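*Asks:* Sending over a structure as structure tokens; questions will come in a sec.
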Amino acid sequence: MADKYVGKRVKRTEDPRLIKGLAHYVDDIGLPGTLHVAFVRSMYAHARITGIDTSEALKVPGVVAVYTGKDIATKIGPVPCAAALPDLKVPDYRVLATDKVLFVGHPIAAVVATDKYAARDAAEILYPGVELEELPAVVSIIDGVPTTPVIHEHFGDNIAYKLTSGEGDIEAAMKAADRIVKQKMIHQRLAPIAMEPRGVLARYFPGEEELTVWSSTQIPHLLRTQLALMIGIPENKLRVITPEVGGGFGSKLNVYAEEALLGWISMQLGKPVKWIESRRENVAATIHGRAQVGTVEVGIKNDGTITGLRYNVVADLGAYHQLLTPAIPTLTGLMLSGAYKIPAIQMNVTGVFTNKMSTDAYRGAGRPEATYVVERVMDVIARELNLDPIEVRRKNFPKADEFPFHTATGLDYDSGDYEAALKKALDLSGYQKLREEQKKARDNGKLIGIGLSSYVEICALGPSQAMPAGGWESATVRIEPTGKVTVLTGASPHGQGQETSFAQIAADEVGVDLNDVTVIHGDTGIVQYGIGTFGSRATAVGGTAVLIAIHKLKEKAAKIAAHMMQCDASRLSFEAGCYSKQEAAAAAVTGKSEPVVPVGEGPAGALHEVPTPTNGRNKITIQEIALAAHIAKELPPDTEPGLSATYFFEPKNFTFPFGTHICVVEIDKDTGETKIIKYVAVDDCGKVINPLLVDGQVHGGIVQSIGQALYEEVVYDEQGQLVTGELMDYALPRASQMPWFDTDRTETPSPVNPLGVKGVGEAGTIGATPAIVNAVVDALSPYGVKHLDMPVRPEAVWRIIRAPEG
């Protein structure tokens, strides 16, 4: 192998099976005798259950069983919440509603039948048998904390928690300012809308007392642990398999009621059971994201220097806590310093219960909210002081030599050069020329806007002390007797491309062809315990575990090689998959082969050979060492047979990617429609393993930001009815609405891990949203517009344009 793979644009090795339709998702897995489950879900946001008559549903041909909340209340534990905050109120969240329903989509009963059509028919017949007494609903947080009605009566109010965070004297910082800038900001509720909705298949073997659960999840090992606790099965008798996952975006970083219930049903009936979520169920009963309403206050000097920032925010948590629900707004607080030197920061957050589905981690998970607040207010400051938005940002950047940089939110940024990323974005976009063209366009009556965002995000969610369930990641690497390399990773990639990037790392380190490396993940019966994929951590933490495991493996390989070549290991060098005696470099150039002893034919007919251990060879390949390690006839004393290593990597800090995005929009005066005519993104995710994968992640993130900025919103009416429950009503951005993305990067390695990588999975979603909104506000500035709430719909823009006319 001559060339290195790391740093190259290598096509994803997992793509052929996906493109050809050969991959297997949960719904593709068919087991003999599988039963199907359909749920009866609440059509009310808040109601008391006064009775359930299951008799008619049980008469439907093919129906095997019907379960209600009271049937299983004492048999399955509550849905877990892993977040730990001071004085946090945690409701008792059962897999099926018992006394009350608290949101539209809340599961009331489960119908089990021989096919999915019979199950759905029976569920429809059962619904009229559910007696519900409708109650007033808590829906809006726009005007602050709703006081009545109280959703969970025993708590006494709708406040789940209150938390104040930050460092520095905020009052002194505000007094030191020449002026205070204030702005209310709304982060609308979003639905993740993964292409593949959730799905669960469970199979129980009564004889072996073993349960296997196939789930479209991002955290197979954590899911196994929690399911074992919920349904009372020994964890070592439970196997979770994650097949292909058609998108997660954080929505599958969770433990859902349906996963536990299906496992339990299979244990009761002794047959496989399957449930595949419909799109309406997906919008109603899979977690939502964002949903914050806050006011930011920033103290500034007249030259644009920031003295302090305060953010008072109400977070809509929904009716119950899912796995990380209460923790997500705290991530907003951690990132309120953005890419700037702000001496004092304070966030006051109030988490509130409402009659809606829970919010939780959605791509970016609290950090897009922080970046939006900071980057929008930077433009507000520029407008207030009549300064260029770029100069305001530059005024407050820390310099590259100030890293590691401590922020007033308590974090220590690992490395950064924010000016370099900004300059590259300005050059790539032709910023000065854009401003000149904008002026000419405005003179001709066109509405052109230019917006930018200089962001920093917290990634590689890792140090265990800062995580609810461990922040390390694991890897096992082994070289098989035939010389092929197997990587077992505790990460659970589902579109990020780690089957490729981890293979690139392994191929370079071991000196083999990329196609000789297989990466296995997502099966708790095969892979050692791992934490999973979320928070842009898989490569920075999981990839580092792979790297260090290989280093351990090579230490053993060197010991074996030294024994076989009758020399000390310190005299060996390793290059291109071969160990050589250092003084034999000149001899290696001659290309003379060494004597070998044949040991048999491989499965492909190739002759596999093991070097004679006593012949004093000067060069030996890693494949030959692997074979010798497995045959184990001549190994160094006290050396175990085989060639593998496992490593659990615990990072000492998070990583902090950053970048600058620039967006140019044109607004149609007749329709109010916003069209993005240019988009430039310069991101710094540390060392890049595969630029192709990085571009893909950035592109996807920007698209989701365009959705939030311009189109998407989960809407509930005054009674808590879900208005946007289907894709006919929930507006996703389309390919025809996407501009060309000009992407580039700077590269500032992270000192947190030996790979130097930072993470990029959420960068686009975090950096793009404020750039887009800033551009729209800039385009409408001739109309006196200083701020607009998301999504910036054409109707709202059209009304602003038409307002002067009447």
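The values are calculated or read from the model by the stated rules, or taken from the named source; none is laboratory data. Computed from a predicted structure; not experimentally measured. Cβ coordinates were reconstructed from backbone atoms using ideal geometry, including for glycine residues, and neighbour counts include every protein chain displayed. We work out accessible area using only protein heavy atoms, side chains counted, and drop any ligands, DNA or RNA first. Shrake-Rupley method; radii C 1.70, N 1.55, O 1.52, S 1.80 Å.
*Asks:* Go through 280-286, 648-654 and give me the packing order, highest mean Cβ count within 10 Å leading.
*Replies:* Working: 280-286: 22.0, 648-654: 19.3.
Taking the mean over residues of other Cβ atoms within 10 Å, the ranking is 280-286, 648-654.
*Asks:* Need the C-alpha centroid separation for the range 191-206 versus the range 213-283, integer Å.
*Replies:* Measuring centre to centre over Cα atoms gives 6 Å.
*Asks:* What's the carbon and sulfur percent of the range 767-806's accessible surface, probe 1.4 angstrom, rounded to a whole number?
*Replies:* For the range 767-806, the apolar C and S fraction of the accessible surface comes to 52 percent.
*Asks:* As a quick test, which of the pairs K669/K786; K8/K559; K556/K652; K395/K440 have an alpha carbon distance above 20 angstrom in this structure?
*Replies:* Correct reply: K8/K559; K556/K652; K395/K440.
*Asks:* Same structure, new question: Sorting check: for 451-461, 215-225, 559-569, which peptide has the highest mean count of neighbouring beta carbons within 10 Å, and how do the rest follow?
*Replies:* Per-residue Cβ counts within 10 Å, averaged per peptide and sorted highest first, yield 451-461, 215-225, 559-569.
*Asks:* Between R442 and A23, 0.36 nm times their residue separation minus their Cα-Cα distance comes to what?
*Replies:* This chain segment gains 145.7 nm when fully extended.
*Asks:* Taking θ as phi - 60°, what are the ³J(HN,Hα) couplings along the range 735-749 by the Karplus curve (6.51, -1.76, 1.60), each to the nearest whole Hz, with x for Gly and Pro?
*Replies:* 4, 5, 9, 8, x, 6, 9, 8, 10, 8, 7, 9, 9, 10, x
*Asks:* Something else: Sorting check: for 385-395, 6-16, 88-98, which peptide has the highest mean count of neighbouring beta carbons within 10 Å, and how do the rest follow?
*Replies:* 88-98, 385-395, 6-16
*Asks:* Can I ask one more? Can you tell me the accessible area per residue over the chain, all protein chains present, probe 1.4 angstrom, in square angstrom? It would help to have the intermediate numbers written out before the result.
*Replies:* Working: 30830 Å² over 806 residues.
Roughly 38 Å² per residue, with all protein chains present.
*Asks:* With a point put 7 Å past each Cα toward its Cβ, work out how far D169 is from D3 in nm, to one decimal.
*Replies:* 6.0
*Asks:* Right, something else. For the range 324-339, take each phi angle, set θ = phi - 60°, evaluate the Karplus expression 6.51 cos²θ - 1.76 cosθ + 1.60, and give the result in whole Hz per residue in order, putting x for glycine and proline.
*Replies:* 10, 3, x, 7, 4, x, 5, 5, 4, x, 5, 9, 6, 6, x, 9
*Asks:* Using alpha-carbon positions, what is the distance between the centroids of the range 662-728 and the range 291-354, in Å?
*Replies:* Rounded to whole Å, the Cα centres lie 22 Å apart.
*Asks:* Shifting gears a bit: Tell me, in nm to one decimal, what length is gained between R799 and D53 on full extension, where the rule is 0.36 nm per residue of separation less the Cα-Cα distance?
*Replies:* 263.4 nm
*Asks:* Carbon and sulfur together cover what percent of the accessible area of the range 292-345 at a 1.4 Å probe radius?
*Replies:* About 59 percent, which is the carbon plus sulfur part of the accessible surface.
*Asks:* Then there is this: Output wanted: per-residue J couplings in Hz (rounded whole) for the range 50-55, from phi through Karplus 6.51 cos²θ - 1.76 cosθ + 1.60, θ = phi - 60°, x for Gly and Pro.
*Replies:* 9, x, 9, 10, 9, 4
*Asks:* Now for a separate question. Using a Förster distance of 22 angstrom, determine the FRET efficiency expected from the C-beta separation of D388 and K675, and round it to 0.05.
*Replies:* Details: r = 24 Å, r/R0 = 1.10.
After rounding to 0.05, the efficiency reads 0.35.
*Asks:* Can I ask one more? Given H699, A735, C685, which one lies farthest toward the positive end of the charge dipole of the range 635-781, if we put +1 on the Cβ of every Lys and Arg and -1 on the Cβ of every Asp and Glu?
*Replies:* Highest projection toward the positive end goes to C685.
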